[in-house]
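Student: Can you keep this structure in mind? I'll have questions shortly.
The values are calculated or read from the model by the stated rules, or taken from the named source; none is laboratory data. Here the structure is a predicted model, which means the values were calculated and not measured. Heads up, the Cβs are rebuilt from the backbone with ideal geometry, glycines too, and the neighbour counts pull from every protein chain shown. Just so you know, the surface numbers come from the protein's heavy atoms only, side chains and all, with ligands and any DNA or RNA stripped out. Shrake-Rupley method; radii C 1.70, N 1.55, O 1.52, S 1.80 Å.
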Amino acid sequence: MAEGDPAAPYTDATRARLAVAFAAYEVADLARAAVPIGEDELSPDGTARSAGSTLADAAHVLGAAWRLFEAAAVFERVAGADWQLVGDTLGVSAGAARDRFAAAEVCFREGSNGPRGEASWWRDHLAQHPLEAARDLDDWVLRHEDGDSGLGTTPVSGGLVRRMKAGE
C-alpha cells in the first residue's frame, strides 16, 4: 500500500485539518497579491485606472476567509467538538452554530461539493492524494517562512495521522 493512497486513509480529523490548512493558504496567497500597488494602477490624478478591481480582489479574499472559517468549524466538529462548544467559541448558540455549519460538515463527511455547490479541485486532490496535498502545503509554508523557526521540513505533512487498522 503506497503512502498517500486512499487505500491507506488518514483520519477524518486529519483530512479536515488539511482542508483548514489549504483554506488558510488560499487566504494568505490572495491577501499577499493585494499588497503591491501596480505601477499603472493609479492615474496621475490619483483615481483608479481599473475601477472595481481592488474591490473584486478584496471580495475574493473575503470569500476565502469565509471558506477558512467554515473549514475550521468542520474540523472542530470532525475532531470531536459538539455544537455547544462550537457555538460557545463563536459567541452564538449551539443551534445557530449548527444552522451555520451543519451543511458544510455533511458535505465534508460525504466527500461532496461544498454546501453552496462549489466544486473544488482541492477536495478532489485531498480525497485522492492527501499526502501529496500536504507536501504541496509543506512547500508553500517553507517558501513563505518569515522568521518562523522550528517548523522543520514537513510543517504540514509531519502532523498527519493515519487511521488505525483493526487490532492495533
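Student: Any residue in segment 74-95 that is in contact (Cβ under 8 Å) with a residue 24 or more places away in the chain sitting within a Cβ distance under 8 Å of a residue that is part of a helix (DSSP H, G or I) and open to solvent by 70 Å² or more (accessible area, probe 1.4 Å)? List the pairs, counting only those 6 or more apart or interchain.
Tutor: So the pair list comes out as Phe75/Arg17; Val78/Arg109; Ala79/Arg17.
Student: What number goes with the only condition from (1) modelled with pLDDT under 95; (2) assigned to a helix (DSSP H, G or I) that Thr153 does not pass?
Tutor: It is condition (2) that Thr153 fails.
Student: Hey, among Gly80, Gly52, Gly91, Gly87, which residue is open to solvent by less than 80 Å² (accessible area, probe 1.4 Å), modelled with pLDDT under 95 and more than 13 Å from the chain's Cα centre (by Cα)?
Tutor: Only one candidate qualifies: Gly52.
Student: Against the conditions (1) among the acidic types (Asp, Glu); (2) under 19 Å from Val78 (Cβ atoms); (3) at pLDDT 90 or above, where does Glu132 fall short? Just the number, please.
Tutor: Condition (2) is where Glu132 drops out.
Student: Also, quick follow-up: Please count how many residues of segment 102-125 are modelled with pLDDT of 80 or more, surrounded by 14 or more Cβ atoms within 10 Å (Cβ to Cβ) and either of a type in the set (Val, Ile, Thr) or within 15 Å of the chain's Cα centre (by Cα) (or both).
Tutor: 5
Student: Hey, among Leu68, Leu30, Leu18, Leu62, which residue is surrounded by fewer than 13 Cβ atoms within 10 Å (Cβ to Cβ) and in a helix (DSSP H, G or I)?
Tutor: Numbers: Leu68 fails: surrounded by fewer than 13 Cβ atoms within 10 Å (Cβ to Cβ); Leu30 fails: surrounded by fewer than 13 Cβ atoms within 10 Å (Cβ to Cβ); Leu18 fails: surrounded by fewer than 13 Cβ atoms within 10 Å (Cβ to Cβ).
Sole residue among the options that is surrounded by fewer than 13 Cβ atoms within 10 Å (Cβ to Cβ) and in a helix (DSSP H, G or I): Leu62.
Student: Quick one: how many residues across segment 3-15 are modelled with pLDDT under 90, in contact with a helix residue (DSSP H, G or I) (Cβ under 9 Å, 6 or more places away or on another chain) and open to solvent by 30 Å² or more (accessible area, probe 1.4 Å)?
Tutor: Here the count works out to 4.
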